[in-house]
Amino acid sequence: MGFVSDKIKGENAEDSVAKILSCIWDVYKASDLEKGAFSDWDLSVSQAGTGYEICTVEVKYDEMEAKTGNIAIEIYNPRSGKPSGLTATKADLWCHVLQGSVWITSVKELRKFCKETPPVKMFSSAGDGNAAILLYKTKDILEIFERIDECQKKQIHQKISSLLGLC
């Protein structure tokens, strides 16, 4: 796993989530809107045709989950000495893409879960050494997520609206 390979996998995950959400809304990638800049979120979701932003989404691809049975939540970048992932995002929703499924929750709910639930394990320099992560058993953390990759348009709309507190 190198930077370029990880970047491509992350972009593919963003594209997958954008495709799911675009059946209802207009979806814009932060990387398309802000060339060369790191954004506080990955996707912007807007009412179709109006440009009125409904929410922003942070997207994470978790390649190791299938092998380990754990989901990793990034919280810090030890190389830069700055918050990252969950502690840095300004997105409204957090989407975790696993092999074969796509899950979404509110950032607020995920932060609450991570604050109240001790991780199975914590690593201070995972991957290529630039990510401190919290590991949670997949079955436990997915309790706060909604699966969206097998849903019809109406179900997706209801789930996202519920996560945003719009209904």
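Relative to the first principal axis of the alpha-carbon coordinates of the chain, what is the inclination of helix 153-163, with its axis defined by its Cα atoms, in degrees from 0 to 90 and to the nearest 10?
Value to nearest ten degrees: 60.
Stretch LEU164-VAL120 to full length: gain in nm at 0.36 nm per residue minus the Cα-Cα span?
Separation in residues times 0.36 nm, less the Cα-Cα distance, equals 13.0 nm.
Could you derive backbone 3J(HN,Hα) for the range 70-81 from the dihedral phi with the Karplus parameters 6.51, -1.76 and 1.60 (θ = phi - 60°), listing whole Hz in sequence and x where the residue is Gly or Pro?
My calculation for the range 70-81 gives 10, 10, 9, 10, 6, 10, 7, 10, x, 5, 8, x Hz in order.
Which length gain, in nm to one decimal place, applies between ASP40 and GLU150 when the Cα-Cα distance is subtracted from 0.36 nm times their residue separation?
The span from ASP40 to GLU150 would gain 36.8 nm if fully extended.
Please work out, to two decimal places, the log10 of the ratio I(q)/I(0) at q = 0.21, 0.22, 0.24, 0.32 Å⁻¹ from a Debye calculation in which every Cα of the range 117-167 carries one identical scatterer.
Taking Cα atoms of the range 117-167 as identical point scatterers yields -0.81, -0.82, -0.87, -1.14.
Could you report the accessible area of TRP25 in Å², rounded to 10, computed with a 1.4 Å probe on the protein chains as they sit in the structure?
So the heavy atoms of TRP25 present about 20 Å² to solvent.
Give the shape of the range 43-103 as rounded, prolate or oblate, defined through the alpha-carbon gyration tensor: a ≥ b ≥ c are the square roots of its eigenvalues, a/c under 1.5 means rounded, and otherwise the shape is prolate if a/b is larger than b/c and oblate if not.
oblate
Between the range 141-164 and the range 60-104, how far is it from one alpha carbon centroid to the other, in angstrom?
18 Å
Starting from the Kirkwood Rh over alpha-carbon pairs, what translational D in µm² s⁻¹ does the range 63-167 have by Stokes-Einstein at 37 °C and 0.692 mPa s?
The Stokes-Einstein estimate is 226 µm²/s.
For the chain, what's the relative contact order in percent, using C-alpha pairs closer than 8 Å and at least 6 residues apart?
Normalised by residue count, the contact order of the chain is 20 percent.
Distance in nm between label sites at ASP128 and GLU109, each 7 Å beyond Cα in the beta-carbon direction?
Once both label points are built, they end up 3.3 nm from each other.
Please report, in Å, the Rg and the Dmax of the range 1-153, where both are computed over Cα atoms only.
In Å, with Rg to one decimal and Dmax whole: 15.0, 45.
When 1/r is averaged over all different Cα pairs and the result inverted, which Kirkwood radius in Å belongs to the range 9-83?
Value: 14.0 Å, from the Cα pair sum.
Could you give the size of the charge dipole of the chain about its Cα centre, using +1 on the Cβ of each K and R and -1 on the Cβ of each D and E, expressed in debye and rounded to the nearest 20?
Dipole of the chain, to the nearest 20 debye: 320 debye.
The values are calculated or read from the model by the stated rules, or taken from the named source; none is laboratory data. This is a predicted model, so every value here is computed, not measured. A quick note on method: Cβ atoms are made from the backbone with ideal geometry, for glycine too, and the neighbour counts reach across all protein chains shown. When the accessible area is computed, the model is the full protein with side chains, heavy atoms only, and any ligands, DNA or RNA have been set aside. Shrake-Rupley method; radii C 1.70, N 1.55, O 1.52, S 1.80 Å.
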